[in-house]
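Below is one structure, written out as structure tokens; the observations come after it.
The values are calculated or read from the model by the stated rules, or taken from the named source; none is laboratory data. Just so it is clear, the structure is predicted and the values come from calculations on it, not from any experiment. Glycine also receives a Cβ, built like all others from the backbone with ideal geometry; neighbour counts cover every protein chain displayed.
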Amino acid sequence: MASEKLHIEAKKLLPGGVSSPVRAYAPYPVYIKSGLGSKIKDVDKKEYIDYCMGFGPLILGHANPFLIKNVKDQIDLGTLFGAPIEQEIELAKKILGYYPMDMLRFVNTGTEATMSALRVARGYKKCDRIIKIEGAFHGAHDAVLAKAGSGVATIPSSPGIPKDFTKNTILVPYNDTDAIESAIRENKGEIAALIIEPIMGNVGVVLPEEGYLDQIRKITLENDIVLIFDEVITGFRIGMGGVQSRYSIVPDMTTLGKIIGGGFPIGVFGGKKEIMDNVAPSGDVYQAGTFSGNPVSLTAGLSVIEVLETEKVHKKIDEIGGQIRKGLTQVVNDLGQNYAVQGIGSMFQIFFTDGKVKDYEDVKKSDLDGFMKMFRSMLKNGVFLPPSQFETNFVSFAHKKEDVEATLIAYEKSLK
Ligand SMILES: Cc1ncc(COP(=O)(O)O)c(C=O)c1O
């Protein structure tokens, strides 16, 4: 197998043989050569229906012709200028038209977006503590790589992060507003921001219980805490306006990424003018980047939004997502299994645990080895899923009814 050979070589050169940890799985990851529409092909020319979709950005599928043409045209004009370009204004206007923010800044990744949003919130509020939801992923920067320690203490979730860097991060479970209220009581006047994935997409897919997000908005307003919705996954996926539009909530700040770069690196943070005015060079909170607002990512982003606006993308991907969830639930029931199938719109996941999953603790109870066994069988049966129980599957505009049918057959074989 060409993939196996490449992995043996890669392991000598790259830690674990990969450029990002979740791409590694036993016995070796398949090496992908190309992608078109809903499918990808590996170096051995085996084809897979893809639900990883680059971990979310590819809402139009692989190599969308319109997007590729626009990007190629831009590449001919130049790829980086280190100077302002017109597309920054165009894409900012588009995004601000869908999200209740006055201003935004382009960065290069979701990690940078949440890191910068938290810095700006802290600079604006002039205090250091933040509240984060257990199991939520906001990228790989120090303040958010925190886990619960003994008692209420929060400790780094990775060696190499000084304890001092996470001591201001307070963890609370998802779907639990009592925990937020007690964290606020215990840290009166010291909390700058609460950051949340309003629909959790990094523990499979976990949805907010009725009233949870409203309650969070109310509590943060009452206590003058900056509410940051991290919609890096859900932005432009749960409809154009993300989860905040679906649930009619106006956060103080929003972070975006993935889809708005059309498969190229991007991130965005933004919010109310009085907060964003603190960002350099308008204000004192420093933030900068060589590749920020680069013409290639912005052109790709504008192209995606144009397709989302002109074609019924969300209607179609939500329908396909619904068909998969329904079909998969049927498969699980027919096999007499109790596994939970969850999701919303174009996001879905099967949890190898009984009953509904409502937070990180529930997901952790899943049979993770069983999930990976299913993942490998799905691969054998021609379906590429994100290789972890803690990830979400994504449907794209390129997925068709035939893909759904083939996928459900593969699930049936694999779950057996
Ligand atoms: C909700 C959320 N925020 C932030 C990030 C970090 O984004 P990036 O990988 O572009 O740094 C991710 C990545 O998956 C994410 O899911």
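On the stretch given as region 235-251, residues that are aromatic (Phe, Trp, Tyr) and within 11 Å of the ligand (Cβ to nearest atom) total 0. Kindly evaluate Val232 against the criterion of being within 11 Å of the ligand (Cβ to nearest atom), closer than 22 Å to Ala121 by Cα, in contact with a Ser or Thr (Cβ under 9 Å, 6 or more places away or on another chain) and modelled with pLDDT of 95 or more. Criteria met by Val232.
Answer with yes or no whether Ala92 is more than 16 Å from the ligand (Cβ to nearest atom), under 26 Å from Val203 (Cβ atoms), touching a residue at least 12 places away in the same chain (Cβ under 8 Å) and not aromatic (Phe, Trp, Tyr).
No, not satisfied.
Within region 324-374, track down each residue that is in a loop (DSSP other than H, G, I, E, B) and either in the same structural domain as Gly242 (by TED's automatic domain parsing) or surrounded by fewer than 16 Cβ atoms within 10 Å (Cβ to Cβ) (or both). I'd like the intermediate steps shown before the answer.
So the first thing to find is which residues in region 324-374 are in a loop (DSSP other than H, G, I, E, B), and the list is 335-338, 345-346, 355-359, 365-367.
Within region 324-374, Leu335, Gly336, Gln337, Asn338, Gly355, Lys356, Lys365, Asp367 meet the criteria.
Within region 127-149, the set of residues being touching a residue at least 40 places away in the same chain (Cβ under 8 Å), surrounded by fewer than 19 Cβ atoms within 10 Å (Cβ to Cβ) and of a type in the set (A, V, I, L, M, F, W, C) comprises Cys127 only. Only one of the numbered conditions (1) away from the ligand (no atom under 16 Å from the Cβ); (2) in a strand (DSSP E or B); (3) hydroxyl-bearing (Ser, Thr, Tyr); (4) closer than 30 Å to Glu90 by Cα is violated by Thr254, and that is (1).
Candidates in region 257-267 are the residues that are assigned to a loop (DSSP other than H, G, I, E, B) and either of a type in the set (A, V, I, L, M, F, W, C) or over 30 Å from Gln74 (Cα atoms) (or both); of these, the one that is farthest from the ligand (Cβ to nearest atom) is Phe264. State whether one or more residues within region 206-229 are within 16 Å of the ligand (Cβ to nearest atom), modelled with pLDDT of 95 or more, in contact with a helix residue (DSSP H, G or I) (Cβ under 6 Å, 6 or more places away or on another chain) and closer than 19 Å to Asp318 by Cβ. No, there is no match, as no residue in region 206-229 is within 16 Å of the ligand (Cβ to nearest atom), modelled with pLDDT of 95 or more, in contact with a helix residue (DSSP H, G or I) (Cβ under 6 Å, 6 or more places away or on another chain) and closer than 19 Å to Asp318 by Cβ. Somewhere in region 308-318, is a residue surrounded by 15 or more Cβ atoms within 10 Å (Cβ to Cβ) and in contact with a Pro (Cβ under 9 Å, 6 or more places away or on another chain)? No; the residues of region 308-318 include none that is surrounded by 15 or more Cβ atoms within 10 Å (Cβ to Cβ) and in contact with a Pro (Cβ under 9 Å, 6 or more places away or on another chain). When Gly270, Gly235 are checked against the criterion of being farther than 17 Å from Ala192 by Cα and either touching a strand residue (DSSP E or B) at 6+ places or on another chain (Cβ under 8 Å) or outside any strand (DSSP E or B) (or both), a single residue qualifies: Gly235.
I want to confirm something. Restricting to region 162-191 and keeping residues that are more than 13 Å from Tyr212 (Cα to Cα) and of a type in the set (Ser, Thr, Tyr), which single residue is surrounded by the fewest Cβ atoms within 10 Å (Cβ to Cβ)? My answer is Ser182. Of all residue pairs spaced 6 or more apart or on separate chains, those with beta-carbon atoms under 8 Å, a first member in region 243-272 that is free of Cβ contacts under 8 Å to residues at least 60 places away in the same chain and a second member that is within 11 Å of the ligand (Cβ to nearest atom) and of a type in the set (S, T, N, Q) are Val243/Thr234.
On the basis of being out of contact with any Lys or Arg (no Cβ under 6 Å at 6 or more places or on another chain), without any contact (Cβ under 8 Å) to a residue 60 or more places away in the chain and either surrounded by 19 or more Cβ atoms within 10 Å (Cβ to Cβ) or in a loop (DSSP other than H, G, I, E, B) (or both), does Ser282 make the cut? When the stated conditions are applied, Ser282 passes them.
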